[in-house]
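Notes follow the structure.
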Amino acid sequence: MKYINTRVITFIIILAIQFSTAAAEPLKQDNVHIRTWNQFANNILKLHKSLIADKPVRITSKPGGYAGRKEFYIEKQFFLGNNLISIIQWEKQNPENMHAIELFIYDDKNRVIRDFTAAYLPDYRNAPIQTLISLHQYRNGLHAFRSFDASGYRVIERCSGSQKGEQIDLMLDEDEIAEAIGDDSGVMTTENYRSCFNGLPEEAGEYLTPQ
């Protein structure tokens, strides 16, 4: 993606592998979470198929992996014109297993306005280790996005650009967002934050089903 979640899949999986190798057992099972997050991943794949159906798609392919698993997956990138529509990784040894997927929705100016991500661990595939729904906004020289997981929790906020000659680069993770909400003198009350994020939905809403 263009400043968005470019290579977020790789970053997520690297962190996930570090976690999984340190853990003696998989995380405690949560059937609602498992069902919801797997369905979200499947819905991204369904949307991918509908977006490229009967279109002049250009596809690139390359192997990828991690330390000790140098060619764990095959990554395919799908383009319509100059726009990257999706990135999908399939396990090399188990080609039916989708390892990760990232999909981008563009506006009429070829800017990403939504993107969806789901990524699995190499092991313990009962549900994705990470899901993201990112909603983007472009205004007055600023590009902001707000990301949610497939359970609807706000997990990332980022904004960069220039306004009134000032360079802005804001990023909040899940813990920082939770801490800032309700803080009457915190970052969310600043002019820069409002310039970046006012107008962006505070809930994933209908986009919990990728569309």
Extreme residue, surrounded by the fewest Cβ atoms within 10 Å (Cβ to Cβ), among residues of the stretch 136-148 that are without any contact (Cβ under 8 Å) to a residue 60 or more places away in the chain and either of a type in the set (K, R) or in a loop (DSSP other than H, G, I, E, B) (or both): N140
Residue that is without any contact (Cβ under 8 Å) to a residue 40 or more places away in the chain and within 18 Å of L51 (Cβ to Cβ), where the choices are G68, G81: G81
From I133, I168, residue being on the phi < 0 side of the Ramachandran plot, surrounded by 17 or more Cβ atoms within 10 Å (Cβ to Cβ), over 21 Å from the mean Cα position of the chain (by Cα) and assigned to a strand (DSSP E or B): I168
Residue in the stretch 171-181 that is under 27 Å from I44 (Cα atoms), assigned to a strand (DSSP E or B), within 18 Å of the chain's Cα centre (by Cα) and in contact (Cβ under 8 Å) with a residue 40 or more places away in the chain present: no
Strands (runs of 3 or more DSSP E) wholly inside the stretch 1-119 containing at least 1 residues that are basic (K, R) and at pLDDT 95 or above: 58-66, 69-80, 112-119
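The values are calculated or read from the model by the stated rules, or taken from the named source; none is laboratory data. Keep in mind the model is a prediction, meaning the values are calculated, not measured. Every residue, glycine as well, gets a Cβ built from its backbone with ideal geometry; the counts of neighbours run over all protein chains shown.
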